[in-house]
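Participant: Here it is, the structure in full.
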Amino acid sequence: MRSTTIITKVNDWQKKLFYWHRSSRWLLPGTCLICMHPLVGERDLCKLCLKQLPHNTNACKFCAEPLTTKRQPPICNYCYQAPVAFDQAFAPWLYLPPYSQLIWEFKYTKNLAAGYLLLDLLFDSLAKKNKTYDYLLVIPGQKDRIKQRGYHAPTWLAKRLALLSDLTFFKQGLKRVKDIPSQQDLGRKARWLNPRGAFKAASEIAGKRVLLLDDVITTGATSHWAAEELKKQGALSVDLLATAKTPSKFKH
Ligand SMILES: [Zn+2]
Ligand SMILES: [Zn+2]
């Protein structure tokens, strides 16, 4: 009981510190990270560029794949044929330039200004959903890639998203038990099956509502197998949140 109290107090202080750090940005002049226009504000994005971000509004409600036609219910052909293991996916924007450039810089060059902007955008879109979760989890990265890049972008985002919101980040909720070969040169079916068996969920997940965070949803295969493992451990629901969705090469 005592340790729980201490942890709560530490988290409160961390939250306060984080809010102070975020609000102090109002005092300093900034630059829009997309058009490089000088601005003063809470975030490094001007109103015009925010409007022009590639919104993923007409998307499949299960996997976030953009749909080429309006349909009711909004479900893509893949999800009709083989439903994904997560319950819903939210990827408010498409992985298209210049937005994709921001993600790339954050992920591969550790541009933290871009990271904080992506964090704000994620927080805004999550707040609009108005859903409650017991745990926030990330898809664990591959050790060799984390070593190479020096950090893991989804974990960086998840820690701060938990400080901004009421979410509880459960770092050990999902573990990687197997590294998987690069997916890039594989065909669609092989890519889909590649991450199978790569994750192990913690037993505390049973009966919980989980929000799984990833940076970009490409095929959705990694998240599918991660969600499948969480469900196997008894997770009540698994939603997926990402900064962007890469549109599939295939028509829907
Ligand atoms: Zn701008
Ligand atoms: Zn779908």
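Participant: Taking region 58-87 as the region of interest, how many residues are more than 10 Å from ligand 2 (Cβ to nearest atom) and either within 16 Å of the chain's Cα centre (by Cα) or outside the structural domain of Ala127 (by TED's automatic domain parsing) (or both)?
Facilitator: Result for region 58-87: 2.
Participant: Every residue in region 179-192 that is within 21 Å of the chain's Cα centre (by Cα) and not β-branched (Val, Ile, Thr), please. It would help to see each step written out before you state the result.
Facilitator: To start, the set of residues in region 179-192 that are within 21 Å of the chain's Cα centre (by Cα) comprises 179-180, 182-184, 191-192.
Listed by number, the residues that qualify are Asp179, Ser182, Gln183, Gln184, Arg191, Trp192.
Participant: Just to check your reading of the model, which residue among Ile75, Ile34 is in a loop (DSSP other than H, G, I, E, B), away from ligand 1 (no atom under 16 Å from the Cβ) and among the aliphatic types (A, V, I, L, M)? Full working, then the answer.
Facilitator: Details: Ile34 fails: away from ligand 1 (no atom under 16 Å from the Cβ).
Just one listed residue meets the conditions, Ile75.
Participant: Follow-up question, since we're still on this one. All but one of (1) part of a helix (DSSP H, G or I); (2) at pLDDT 90 or above hold for Leu136; state the number of the condition that does not hold.
Facilitator: Failed condition: (1).
Participant: Is it fair to say Tyr108 is at pLDDT 95 or above and farther than 19 Å from His55 by Cβ? Full working, then the answer.
Facilitator: Values: at pLDDT 95 or above: no; farther than 19 Å from His55 by Cβ: yes.
Criteria not met by Tyr108.
Participant: Hey, does region 108-131 have a residue that's surrounded by fewer than 16 Cβ atoms within 10 Å (Cβ to Cβ), of a type in the set (Lys, Arg) and in a helix (DSSP H, G or I)?
Facilitator: Yes - at least one qualifying residue is present in region 108-131.
Participant: Can you name every residue in region 78-93 that is surrounded by 21 or more Cβ atoms within 10 Å (Cβ to Cβ) and away from ligand 1 (no atom under 16 Å from the Cβ)? Steps first, answer last, please.
Facilitator: Taking region 78-93 as the starting set, the residues that turn out to be surrounded by 21 or more Cβ atoms within 10 Å (Cβ to Cβ) are 84, 86, 89-93.
Listed by number, the residues that qualify are Val84, Phe86, Ala89, Phe90, Ala91, Pro92.
Participant: Moving to a separate point now. I'd like the residue in region 37-54 that is part of a strand (DSSP E or B) and more than 8 Å from ligand 1 (Cβ to nearest atom) and, out of all such residues, is nearest to Tyr99 (Cα to Cα). Spell out how you get there, then give the answer.
Facilitator: Step one: filter region 37-54 for residues part of a strand (DSSP E or B), giving 38-40.
If we keep only those that are more than 8 Å from ligand 1 (Cβ to nearest atom) too, we end up with 38, 40.
Numbers: Pro38: 18, Val40: 20 Å.
Within region 37-54, the match that is nearest to Tyr99 (Cα to Cα) is Pro38.
The values are calculated or read from the model by the stated rules, or taken from the named source; none is laboratory data. What you see is a predicted model; the values in this text were computed from it and never measured. No Cβ is skipped: glycine too gets one built from the backbone with ideal geometry, and neighbour counts run over all protein chains shown.
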